[in-house]
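For reference, the structure discussed in these notes is given below.
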Amino acid sequence: MKKGIKIVTIGGGSSYTPELVEGFIKRYDELPIRELWLVDIPAGQEKLNIVGNLAKRMVEKAGLPIEVHLTLNRREALKNADFVTTQFRVGLLDARAKDERIPLKYNVIGQETNGPGGLFKGLRTIPVILDICKDIEELCPNAWLVNFTNPAGMVTEAVLRYSNIKKVVGLCNVPVGIKMQTATLLDVSPERVHIDFAGLNHMVFGLNVYVDGVSVLDEVIEKMTNPGNAMTMKNIKAIDWEPDFLRGLHAIPCPYHRYYYKTSEMLEDEMRAANEEGTRAEVVKQVEKELFELYKDPNLAIKPPQLEKRGGAYYSDAACNLINSIYNDKRDIQPVNTRNNGAIASIPDDSAVEVNCIITKDGPKPVSVGDLPVAVRGLVQQIKSFERVAAEAAVTGDYNTVLLAMTINPLVPSDKIGKQILDEMLEAHKEYLPQFFKAVEA
Ligand code: G6P
């Protein structure tokens, strides 16, 4: 690896790519990237060209010898890669909009990574990531796969269970978002803040918070009880928590916990949004249009601040810090999705969890937390069961298994409603779910 790093980004035409490129540029002294390959599919060609050319201008402006390659040929790109990052969206934003709108017809949360929407995003994504894993095995067997593609927890679970790839890490910006917002609440610099993260992707808790090594959890919780101080991400409505609920929980919930602990308020707001400004995918489509117009400007050679309208703030920090720490064997602590290996007692050893890890050249080594507080343990286990059954359904294309996954999801009220949602969503996403239609059509 020391000759200079080759990075391949699948879904390179994403509007988030400038953030990643900025992250690599900032860290070039420690992370000497020689080649950055941005890969996309024919439907993404135009976006790839626009964002790829911006990436080239950014690198040129920084005066760095990084070659940026744009390609639709994934296999050509993967040859001898050191790191493969994945950030693709099967079915693009139109599929996400269906994930969000269809469940609402049944009075069920429609969300990208939670409930029926999360299930269907997983069903569309898992077969593709497993194909990518086969290519990695053949073309760059020593590479690290760094996955951002949502639902990142379920995807990491599927890779661990159904591929031969061991060097995989799932990443999310939620923990870093919580850390930054905690630092702001406490009015201290983020470097002084340490949070004990444990749980699953989009289901992670901050079990304790320290400033300079001293626990300040009580203070953070009290600050969070003040109106307007509830932490969130751009894509999740910042409805405040009940102060006494937070005190009882005595841990920091992640923004996505609102879908479970505030289901009716979130549903009500989603219904309102669907009738007014549109679902999140529909809003994001508009934001993307504006972003790509900006990216086209030949004089633009930086990441434009408008990218901050997206929910993925700090995602490149998570990705670049992880790659940097693996490459340089930094042994610092970062929250990532990896094989549990006993870090959380009530989750199986071989399942993916989101937990603080020591990041070494041999990958993340999870830091043991003992167990989760009893109040949240059951929900986390239930979501893990859902992710596992969903991953199995994505691989087998079995109807009974996918109905089981749908029904055990805590946001789905019954098997009957689950089946109605399932049937409508299977039909709506048919073109991206060949595994469920093969038998019928054969
Ligand atoms: C959050 C999540 C990401 C998700 C993003 C969506 O930050 O952690 O997993 O991809 O929001 O943001 P968007 O702007 O697409 O709604």
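Taking the criterion of being part of a loop (DSSP other than H, G, I, E, B), under 25 Å from residue 172 (Cβ atoms), touching a Ser or Thr at 6+ places or on another chain (Cβ under 7 Å) and hydrophobic (A, V, I, L, M, F, W, C), would at least one residue in segment 19-29 satisfy it? No, the conditions are met nowhere in segment 19-29. For segment 285-310, filtering for residues that are of a type in the set (D, E, K, R) and surrounded by fewer than 16 Cβ atoms within 10 Å (Cβ to Cβ) leaves 6. Scanning segment 282-304 for residues that are in a helix (DSSP H, G or I) and either within 19 Å of residue 10 (Cα to Cα) or more than 15 Å from the ligand (Cβ to nearest atom) (or both) turns up 288, 292, 293, 294, 295, 296. The residue that is surrounded by the fewest Cβ atoms within 10 Å (Cβ to Cβ), counting only those in segment 118-152 that are away from the ligand (no atom under 12 Å from the Cβ) and of a type in the set (Gly, Ala, Ser), is 143. Cβ separations smaller than 6 Å between residues 6+ apart or across chains give no pair from segment 285-301 residues that are over 17 Å from residue 94 (Cβ atoms) and of a type in the set (Lys, Arg) to residues that are within 16 Å of the ligand (Cβ to nearest atom) and outside any helix (DSSP H, G or I).
When each of 225, 232, 279, 263 is tested for being more than 16 Å from the ligand (Cβ to nearest atom) and closer than 18 Å to residue 109 by Cβ, the lone residue that passes is 263.
Only one entry of 23, 12 meets the criterion of being surrounded by 23 or more Cβ atoms within 10 Å (Cβ to Cβ), under 17 Å from residue 312 (Cβ atoms) and of a type outside the set (Asp, Glu), and that entry is 12. All of (1) in contact with a Cys (Cβ under 6 Å, 6 or more places away or on another chain); (2) more than 16 Å from the ligand (Cβ to nearest atom) hold for residue 326 with one exception: (1). Among the residues of segment 413-422, is any within 19 Å of the chain's Cα centre (by Cα), at pLDDT 95 or above and not in a helix (DSSP H, G or I)? No: segment 413-422 contains no residue that is within 19 Å of the chain's Cα centre (by Cα), at pLDDT 95 or above and not in a helix (DSSP H, G or I). Residues that are over 30 Å from residue 356 (Cβ atoms) and charged (D, E, K, R) were ranked within segment 371-421; the one that is surrounded by the fewest Cβ atoms within 10 Å (Cβ to Cβ) is 416.
Among the residues of segment 295-317, those that are within 18 Å of the chain's Cα centre (by Cα) and over 21 Å from residue 191 (Cα atoms) comprise 307, 308, 309, 310, 311.
In segment 136-148, the condition of being within 20 Å of residue 388 (Cβ to Cβ) and touching a residue at least 12 places away in the same chain (Cβ under 8 Å) is met by at least one residue. Within segment 222-232, the set of residues being aliphatic (A, V, I, L, M) and either farther than 17 Å from residue 195 by Cα or in a loop (DSSP other than H, G, I, E, B) (or both) comprises 230, 231.
Note on segment 182-224: residues that are on the phi < 0 side of the Ramachandran plot and either among the acidic types (Asp, Glu) or at pLDDT below 95 (or both) total 5. Taking (1) over 23 Å from the mean Cα position of the chain (by Cα); (2) among the aliphatic types (A, V, I, L, M); (3) not in a loop (DSSP other than H, G, I, E, B) in turn, residue 64 satisfies each apart from (3).
Taking the conditions exactly as written (more than 22 Å from residue 80 (Cα to Cα), assigned to a strand (DSSP E or B) and within 12 Å of the ligand (Cβ to nearest atom)), does residue 204 satisfy them or not? When the stated conditions are applied, residue 204 passes them. Please go through (1) over 17 Å from the mean Cα position of the chain (by Cα); (2) under 16 Å from residue 355 (Cβ atoms); (3) not in a strand (DSSP E or B) for residue 161 and return the number of the only condition it doesn't satisfy. It is condition (2) that residue 161 fails. Being more than 16 Å from the ligand (Cβ to nearest atom), part of a helix (DSSP H, G or I), among the charged types (D, E, K, R) and touching a strand residue (DSSP E or B) at 6+ places or on another chain (Cβ under 9 Å) is a property that holds for residue 219. For segment 233-246, the criterion of being in contact with a helix residue (DSSP H, G or I) (Cβ under 9 Å, 6 or more places away or on another chain), closer than 23 Å to residue 197 by Cα and of a type in the set (Gly, Ala, Ser) is satisfied by at least one residue. Of all residues in segment 165-176, those that are closer than 15 Å to residue 352 by Cα and either of a type outside the set (A, V, I, L, M, F, W, C) or away from the ligand (no atom under 16 Å from the Cβ) (or both) total 5. Against the list (1) crowded, with 22+ Cβ neighbours inside 10 Å; (2) outside any helix (DSSP H, G or I); (3) of a type outside the set (Phe, Trp, Tyr), the condition residue 107 fails is (1).
The values are calculated or read from the model by the stated rules, or taken from the named source; none is laboratory data. Because the structure is a prediction, the values reported are computed rather than measured. Counting neighbours? That spans all protein chains shown, and the Cβs are built from the backbone with ideal geometry, glycine included.
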